[in-house]
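Visitor: Encoded as structure tokens, here's the structure I'll be asking about.
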Amino acid sequence: MVIVKRKELSFWERLYLPEVFQGLSITLRAMFRKNVTRQYPEQKLEVNEVTRGQPRLAVNADDTIRCVSCGLCEAACPAYAITIDGQETDRFIEREPERFEIDMLRCILCGFCEEACPKDAILMSDELELADFSREALVYDLEKLKRPVSALQPRLDYIYKLSNRWNSSSSSS
């Protein structure tokens with residue numbers, strides 16, 4: 001049989017007052033520190049042309065959609081979130097989507113669809129908030145995805161600036 005001899009506690013150690021005061025001092029110091037987290041509903045995230053939010057379809061000023069239903073964005077999507085069904089139009093050598101859907105619950109906001117699009121029809125917008133009450137409401141159809149080109153122009157300018165940087169550096173060499 002082993003006998004364990006315990007340390008005799010002093011009067012103050014038995015009261016636990018030093019530990020209580022130490023804990024209170026830590027709590028009080030933390031209460032009056034400056035917040036380092038964003039207080040979300042009141043403080044929105046600052047967005048600019050580099051921000052990669054939800055994908056949107058660009059609509060020209062004459063209300064024609066830029067998408068020609070080539071299917072490259074659908075093929076480039078690693079999450080299989082995009083579904084396109086094309087249809088013929090009365091415009092010369094052009095098609096347009098009859099059905100264009102993006103399942104935003106599957107979308108990983110990677111931007112591959114934007115890179116694959118030859119017509120700059122699908123762009124990553126600065127819209128970040130994504131919430132709804134049902135899964136069906138988060139499958140965005142053609143009408144939910146349409147945005148005027150003027151609203152997406154900062155992102156377009158940013159993309160053109162990135163692609164032109166390679167053209168200008170190769171011509172100066």
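Visitor: Quote to one decimal, in nm, the extra length available between Asp90 and Leu24 on full extension: 0.36 nm per residue of separation minus the C-alpha distance between them.
Guide: Gain on stretching Asp90 to Leu24: 16.2 nm.
Visitor: While we're here: Under a 5 Å amide H to amide H cut-off, with H placed in plane at 1.01 Å, what residues pair with Ile122 once short-range neighbours are removed?
Guide: Ala58
Visitor: Helix 17-31 sits at what angle to the longest principal axis of the chain, using alpha carbons and giving 0 to 90 degrees rounded to 10?
Guide: Relative to the chain, helix 17-31 is tipped by roughly 20 degrees.
Visitor: Each residue of segment 149-165 in order: what ³J(HN,Hα) in whole Hz does its phi give by Karplus 6.51 cos²θ - 1.76 cosθ + 1.60, θ = phi - 60°, with x for Gly and Pro?
Guide: Result, ordered by residue: 4, 4, 6, 9, 4, x, 5, 4, 4, 4, 5, 5, 5, 5, 6, 6, 5 Hz.
Visitor: Nearest-5 percent of antiparallel DSSP beta bridges in the chain?
Guide: 80 percent
Visitor: OK, next. Can you tell which of Leu130, Ser69, Val149 lies farthest toward the positive end of the dipole of segment 28-173, using +1 and -1 charges on the Cβ of basic and acidic side chains (Lys, Arg; Asp, Glu)?
Guide: Of Leu130, Ser69, Val149, it is Leu130.
Visitor: For the chain, can you list the cysteines whose C-beta has no other cysteine C-beta under 4.7 Å from it?
Guide: Among the cysteines of the chain, those whose Cβ sits 4.7 Å or more from every other are Cys67, Cys70, Cys77, Cys107, Cys110, Cys117.
Visitor: Could you check the simple spin-label distance between Leu156 and Arg106, using points 7 Å along Cα→Cβ, in nm with one decimal?
Guide: So the label points at Leu156 and Arg106 sit 2.9 nm apart.
Visitor: Evaluate the relative contact order of the chain (contact order divided by residue number), counting alpha-carbon pairs under 8 angstrom at least 6 apart; express in whole percent.
Guide: RCO, the chain: 24 percent.
Visitor: To the nearest 20 Debye, how big is the dipole of segment 26-173 about its Cα centre, given +1 on the beta carbon of each Lys and Arg and -1 on that of each Asp and Glu?
Guide: Charge dipole of segment 26-173: 1060 debye, to the nearest 20.
Visitor: Oh, and also: With unit charges on the beta carbons (Lys and Arg positive, Asp and Glu negative) and the dipole taken about the Cα centre of the chain, which residue among Val139, Pro55, Gln43 sits farthest to the positive side?
Guide: Highest projection toward the positive end goes to Gln43.
Visitor: Going by how many other beta carbons lie within 10 Å of each one, how would you line up Val20, Val149, fewest first?
Guide: Fewest-to-most Cβ neighbours within 10 Å comes out as Val20, Val149.
Visitor: About its Cα centre, what dipole magnitude does segment 70-140 give when the only charges are +1 on Lys and Arg Cβ and -1 on Asp and Glu Cβ, stated in debye to the nearest 20?
Guide: Roughly 200 debye for segment 70-140.
Visitor: Jot down the per residue volume, in cubic angstrom and as a whole number, of the convex hull over the alpha-carbon atoms of the chain.
Guide: Value for the chain: 344 Å³ per residue.
Computed from the coordinates by the stated procedures, all read-outs in this text should not be read as laboratory data. Being a predicted model, the structure only gives us computed values, none of them experimental. FYI the Cβ positions are ideal-geometry reconstructions off the backbone, even for glycines, and counts take in every protein chain you see.
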